[in-house]
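*Asks:* Structure in structure tokens, see below.
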Amino acid sequence: MTAAALSKTDAERVRVTLGARSYDIVIGAGVLDGLGAGVAALGARTVGVVTDENVAATAHLPRALASLRDAGLVAKAVTVAAGERSKGFATLAEVVDGLLAARIERGDVVVALGGGVVGDLAGFAAAILRRGVRCVQVPTSLLAQVDSSVGGKTGINSPRGKNLIGAFHQPSLVLADTDTLDTLPEREFRAGYAEVVKYGLIDQPDFFSWLEANHAAVFAGGPARTRAIATSCRAKAAVVARDELESGDRALLNLGHTFGHALEAEVAYDGGRLVHGEGVAIGMAMAFRFSAALGLCPRDDAARVERHLAAAGLPVSPKAVPGPLGGAEALFRHMQQDKKVERGRLTFILARGVGQSFVARDVDPDKALDFLRDELV
Ligand code: GLY
């Protein structure tokens, strides 16, 4: 299975429309085997496959390399340690050096094979290697399939905050093989599901209702899972197409992230205590409670959001984070390092109801602090 895997009738194809930088997201079981055909169609000769030690220990890496070599390409793997710590300058330098050693030229391609960390890191390496080479994203986690592999955000963390160093670099193709999710630890799948829910909460109320009725089937796999991923990618593609560089609406994709990132920073990115998607779940529940506290959103909608996240096994309160947390002031300080801060003013993504999120740039910081204090008692 090579080119056939890319045109499988049960695969879904979502177009990200960005003029000359438009690309397809192909979603379905087995599409990884079409990687070689997809990359060959881009005219590359040599391919650097960036992955991590966890993915390198599965069948995904040999499958990716075999598909590339079967298509007549020279393929070399660059493997980094698994985990968020790899999203820093030290590992970026290793990856860039590995790609140069593999003789990746301007017309060649970098493949990011892995979850969000690999996608962000490899995408950034591609953005700066020889002033930019093309990148193909092959996300193997739910979070990466529905969010980080799509839309061109790439980058690394700074000790001062997450994702503070990076570039917009759109991929040339995204292959989301739903089979790769079958081996994902349950906690990681669940955390990725928070990003799926996010699209319903932003502007797809019917999708949220569908998830309320069908989340068990999404967790079980099969057509419901593919449908949830494709709907999420379609929702993201639409937002990215109208605001690629996040000067407006794209900030909506950060629903739950201002609170969530603050919690992640507060636990020093210790994934044992809180992984990103769990932070987003808590953050989305907080964004709805904050909206209700400000009188913007019915309390029933905030309760509905909490109910669904909890039904999916996700945390909905900062008090669910194991171990001690700093107080409201500490969380607020982390929020001030958020990328959406403009002239010191925080931007919140708030909601008037399920599927009615909006960007709020004029929230009173004292009200935010009071809300955080209430959340922590
Ligand atoms: N993950 C948010 C964005 O891509 O804009």
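*Asks:* What are the residues in region 158-196 that are at pLDDT below 95 and in contact with a Phe, Trp or Tyr (Cβ under 8 Å, 6 or more places away or on another chain), if any?
*Replies:* Lys162
*Asks:* Could you tell me whether region 196-205 includes any residue that is away from the ligand (no atom under 16 Å from the Cβ) and over 15 Å from the mean Cα position of the chain (by Cα)?
*Replies:* yes
*Asks:* Shifting gears a bit: Among the candidates Ala230, Ala251, which residue alone is buried (at least 19 other Cβ atoms within 10 Å of the Cβ), touching a residue at least 60 places away in the same chain (Cβ under 8 Å), more than 16 Å from the ligand (Cβ to nearest atom) and not hydroxyl-bearing (Ser, Thr, Tyr)?
*Replies:* Going through Ala230, Ala251 in turn, just one is buried (at least 19 other Cβ atoms within 10 Å of the Cβ), touching a residue at least 60 places away in the same chain (Cβ under 8 Å), more than 16 Å from the ligand (Cβ to nearest atom) and not hydroxyl-bearing (Ser, Thr, Tyr): Ala230.
*Asks:* Quick one: which of Val136, Val118, Val109, Val95 is away from the ligand (no atom under 13 Å from the Cβ) and in contact with a Pro (Cβ under 7 Å, 6 or more places away or on another chain)?
*Replies:* Val136
*Asks:* Shifting gears a bit: Listed residues Gly48, Gly38, Gly72, Gly43; which is in a helix (DSSP H, G or I) and either surrounded by fewer than 20 Cβ atoms within 10 Å (Cβ to Cβ) or at negative phi (or both)?
*Replies:* Exactly one of Gly48, Gly38, Gly72, Gly43 is in a helix (DSSP H, G or I) and either surrounded by fewer than 20 Cβ atoms within 10 Å (Cβ to Cβ) or at negative phi (or both), namely Gly38.
*Asks:* So, in region 254-266, of the ones that are touching a Lys or Arg at 6+ places or on another chain (Cβ under 8 Å) and not in a loop (DSSP other than H, G, I, E, B), which residue ends up farthest from the ligand (Cβ to nearest atom)?
*Replies:* Looking at the filtered set, the residue picked out is Ala265.
*Asks:* Condition first: in contact with a Pro (Cβ under 8 Å, 6 or more places away or on another chain) and among the basic types (Lys, Arg). Now tell me which residues in region 272-310 satisfy that.
*Replies:* Arg273
*Asks:* Could you check region 145-180 and list, in sequence order, the residues that are over 11 Å from the mean Cα position of the chain (by Cα), crowded, with 22+ Cβ neighbours inside 10 Å and part of a helix (DSSP H, G or I)?
*Replies:* Scanning region 145-180 gives Thr178, Thr180.
*Asks:* Let me ask something else. Tell me, please, whether a residue that is of a type outside the set (Gly, Ala, Ser) and within 16 Å of the ligand (Cβ to nearest atom) can be found in region 181-190.
*Replies:* Within region 181-190, none of the residues are of a type outside the set (Gly, Ala, Ser) and within 16 Å of the ligand (Cβ to nearest atom).
*Asks:* Now, a different point. Restricting attention to region 315-332, does a residue exist that is of a type outside the set (Ser, Thr, Tyr) and touching a strand residue (DSSP E or B) at 6+ places or on another chain (Cβ under 9 Å)?
*Replies:* Scanning region 315-332 turns up no residue that is of a type outside the set (Ser, Thr, Tyr) and touching a strand residue (DSSP E or B) at 6+ places or on another chain (Cβ under 9 Å).
*Asks:* Hey, among the residues in region 233-248 that are more than 10 Å from the ligand (Cβ to nearest atom) and in a helix (DSSP H, G or I), which one's surrounded by the most Cβ atoms within 10 Å (Cβ to Cβ)?
*Replies:* Cys233
The values are calculated or read from the model by the stated rules, or taken from the named source; none is laboratory data. Predicted, not measured: the structure shown is a model, and the values here were computed from it. So basically every Cβ, Gly included, is an ideal-geometry build from the backbone, and we count neighbours across all protein chains shown.
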